[in-house]
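One structure is given below, encoded as structure tokens.
What follows draws every value from the coordinates through simple rules; no lab data is involved. The model shown is predicted, which means the values in this text are computed figures rather than measured ones. When we count neighbours, we look across all protein chains shown, and the Cβ atoms used for this are built from the backbone with ideal geometry, even at glycine.
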Amino acid sequence: MSDCLFCRIAAGEVPADKVYEDERVVVFKDINPKAKVHLLVIPRIHLESLADLEPDHDKLMGYMMRLLPKLARDQGLEQGFRTIINTGKGGGQVIFHLHIHLVGGPGLPGF
Ligand code: AMP
Ligand code: ZN
């Protein structure tokens with residue numbers, strides 16, 4: 001059994017409020033939402049962070065990027081949304097399984 005929390009969520013071993021999944025990705029609600037909508041988009045395969053990407057992952061990353069606006073629309077974010085990828089301790093990454101934060105809704109602060 002993996003000791004990576006997000007691998008375990010992807011495998012269904014740890015419960016999560018999933019809103020979408022397919023053979024490549026799993027999307028679930030952040031347990032501590034920072035906005036009205038706050039989803040986490042993860043690849044099923046374990047990748048620690050952006051710093052671990054290889055050319056082989058280009059297709060997967062492109063797939064995840066193109067999925068974002070569809071997910072946002074499904075969440076009612078017609079006006080737009082924000083994406084954040086924290087990378088490494090210095091970037092505020094806490095869970096070391098690559099994930100894209102998708103946040104949106106009223107009152108999103110400026111950045
Ligand atoms: P990061 O700082 O980019 O590594 O973000 C990790 C995110 O994972 C935080 O926003 C947490 O609230 C979220 N998180 C941690 N544990 C869980 C969990 N079991 N289910 C859903 N989200 C989680
Ligand atoms: Zn993992």
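Of note:
- Percent RCO, i.e. relative contact order, over the stretch 5-104, from Cα pairs under 8 Å lying at least 6 residues apart: 32
- Residue-count net charge about Cys7 - beta-carbon cut-off 12 Å; Lys, Arg +1, Asp, Glu -1: -1
- Cα gyration tensor category, rounded, prolate or oblate, for the chain with a/c compared to 1.5: rounded
- Annotation for the stretch 28-81 versus the stretch 5-21: alpha-carbon center distance of 14 Å.
- Net charge dipole size for the stretch 5-104 [Lys, Arg +1 and Asp, Glu -1 on Cβ; Debye, nearest 20]: 380
- What the Cβ-Cβ distance of Glu48 and Arg73 gives, at R0 = 41 Å and to the nearest 0.05, is a FRET efficiency of 0.85.
- Taking label positions 7 Å along the Cα-Cβ direction at both Met65 and Thr87, the computed distance is 1.3 nm, reported to one decimal.
- Neighbourhood charge, 12 Å Cβ-Cβ cut-off, centred on Asp22 and excluding it, Lys, Arg +1 and Asp, Glu -1: +2
- For Asn32 and Ala11, the difference between the fully extended length at 0.36 nm per residue and the C-alpha to C-alpha distance is 5.5 nm.
- Of the residues Ala16, Met1, His38, the one whose Cα sits farthest towards the positive end of the charge dipole of the chain is His38 (charges of +1 on Lys and Arg Cβ, -1 on Asp and Glu Cβ, taken about the Cα centre).
- 18 Å cut-off, amide nitrogen to a point 7 angstrom out along Asp58 Cα→Cβ, residues in the stretch 20-37: none
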